[in-house]
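One structure is given below, encoded as structure tokens.
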Amino acid sequence: MESGQEAQRSRRSFLKTSSAAALAGTLAAPLGFPSSTHGDTGQEPLRFGLISAATYGYMGAPRTPGSFHGTAFATICNGYDAAKREQIEGTFVAAGKRLDGVRVVRIWDPIKSAAQRLADVCNIPVVCDSADQCSEDVDAVLIVDDGSGEHGKYAVTPLQRGVPTFCDKPLAMTGKQAQQLAQVARETGTPFMSASSLRFVPDVVALAEQVPSLGEIHLATSVCGNELIYYGIHALELAYAVLGPGAVSCLNVGQPGRNIVRVRYENGRDLMLLVGEREWMRGGFQINLYGTQGWRSLTPDLTDLYWYLLDKFVDLVRTGNESVPIEEEVEVIAVLEAGKRSLAEQREVTVAEVLQ
């Protein structure tokens with residue numbers, strides 16, 4: 001008889017190679033759930049565990065009911081009961097677009113009552129007593145941004161168990177912490193993904209395709225609001241999605257709460273990363289490219305951005321295709337940390353020293 005972990009490995013192998021299993025009624029939405037807009041995959045549905053998904057507490061603040069990302073992920077996969085949604089407390093983001101071929105079957109949150117309420121609204125059958133239980137008898141796990149900056153710690157158990165893992169942004173608050181998680185993923189060979197959802201929205205993808213027509217791009221700016229690491233990751237990943245990796249140092253010439261970070265690349269390109277907290281600027285996202293043959297400016301359309309993110313993770317689980325190598329995400333975190341240290345220490349900080 002197969003052990004639990006061997007059974008999971010066998011199932012994941014089957015999911016990658018079989019296209020004969022029909023979805024049939026397995027993903028049929030309960031009464032009141034929005035219908036899916038993604039075609040039948042022709043593959044057996046993936047079963048997801050959803051971790052730290054029902055409450056939010058930003059950087060040490062008490063956790064309160066509701067989760068922007070947690071509810072968005074749950075509704076993308078499972079839909080929701082519209083009547084029950086009206087009774088739920090706190091932030092609830094109802095996805096407008098369903099992703100077929102996936103179903104959240106387990107959920108955990110430090111506040112179990114909040115997890116139970118979200119499970120009821122989104123028809124999630126099992127509410128777990130621990131984060132580790134969410135990686136049992138599933139094909140993959142989704143670890144949600146819960147505001148703590150520490151949610152990456154929940155990735156260790158599923159990675160060690162060989163369960164494909166998505167870790168919401170930011171992967172960690174320091175480059176070394178991110179590097180440690182990446183090392184676990186590589187040593188175990190477990191598929192692992194972490195990324196800003198902005199990487200995959202269609203107009204950002206289209207902008208990346210236009211880059212060759214702009215000639216050599218020596219200067220660019222990328223902008224967003226709020227804290228440099230926790231939210232500045234969106235602005236930096238906009239640039240990475242369009243221009244690729246390769247940053248080597250940061251010089252932050254801004255002020256506390258108003259970051260003006262010159263990010264220098266190994267090819268000599270300079271990216272100005274502008275990240276201002278709420279007291280100083282309104283939130284939003286924008287990238288500007290200045291090439292020798294043309295300019296482009298983009299304020300991304302964020303419609304269904306989490307759908308595109310989870311679609312990329314599903315592709316990783318089913319095919320092993322890495323849309324964002326985890327080493328690139330480590331670099332992103334290290335660049336942001338270097339930018340933060342540069343302001344504090346009033347000097348240029350290299351990415352390499354952050355990771356030493």
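The values are calculated or read from the model by the stated rules, or taken from the named source; none is laboratory data. Fair warning: this is a prediction, and the values are worked out from it, not measured in the lab. Note that each Cβ is placed from the backbone with ideal geometry, even for glycine, and that neighbours are counted across all protein chains shown.
At-a-glance table
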| quantity | calculated |
| --- | --- |
| LEU171 not aromatic (Phe, Trp, Tyr) and not in a loop (DSSP other than H, G, I, E, B) | no |
| Test result for ARG296, of a type outside the set (A, V, I, L, M) and not assigned by TED's automatic domain parsing to the domain that holds CYS250 | no |
| Test: residue in region 150-159 that is on the phi > 0 side of the Ramachandran plot, assigned to a loop (DSSP other than H, G, I, E, B) and of a type outside the set (Val, Ile, Thr) | no |
| Leading residue by the ranking (farthest from GLY232 (Cα to Cα)) among those in region 252-307 that are under 25 Å from the mean Cα position of the chain (by Cα) and aromatic (Phe, Trp, Tyr) | TRP307 |
| Where ALA208 falls short, out of the listed (1) of a type in the set (Gly, Ala, Ser); (2) closer than 28 Å to LEU302 by Cβ; (3) in a loop (DSSP other than H, G, I, E, B); (4) free of Cβ contacts under 8 Å to residues at least 60 places away in the same chain | (3) |
| Any pair with Cβ under 7 angstrom, 6 or more apart, that starts in region 212-224 at a residue that is crowded, with 21+ Cβ neighbours inside 10 Å and ends at one that is part of a strand (DSSP E or B) and among the charged types (D, E, K, R) | none |
| Hits in region 258-301 (condition: surrounded by 16 or more Cβ atoms within 10 Å (Cβ to Cβ) and outside any strand (DSSP E or B)) | ARG269, GLU277, MET281, PRO300 |
| Hits in region 291-300 (condition: over 19 Å from VAL275 (Cα atoms) and in contact with a strand residue (DSSP E or B) (Cβ under 7 Å, 6 or more places away or on another chain)) | GLY291, TRP295, ARG296 |
| Meets criteria (assigned to a loop (DSSP other than H, G, I, E, B) and either at pLDDT 95 or above or surrounded by fewer than 18 Cβ atoms within 10 Å (Cβ to Cβ) (or both)) for LEU99 | yes |
| Residue ID - nearest to PHE48 (Cα to Cα), chosen from residues in region 109-127 that are surrounded by 16 or more Cβ atoms within 10 Å (Cβ to Cβ), within 22 Å of the chain's Cα centre (by Cα) and of a type outside the set (Gly, Ala, Ser) | ILE124 |
| Inter-residue pairs, beta-carbon under 8 Å, first surrounded by 14 or more Cβ atoms within 10 Å (Cβ to Cβ) and in region 307-327, second among the acidic types (Asp, Glu), 6+ apart | LEU316/GLU322; VAL317/ASP139; SER323/ASP315 |
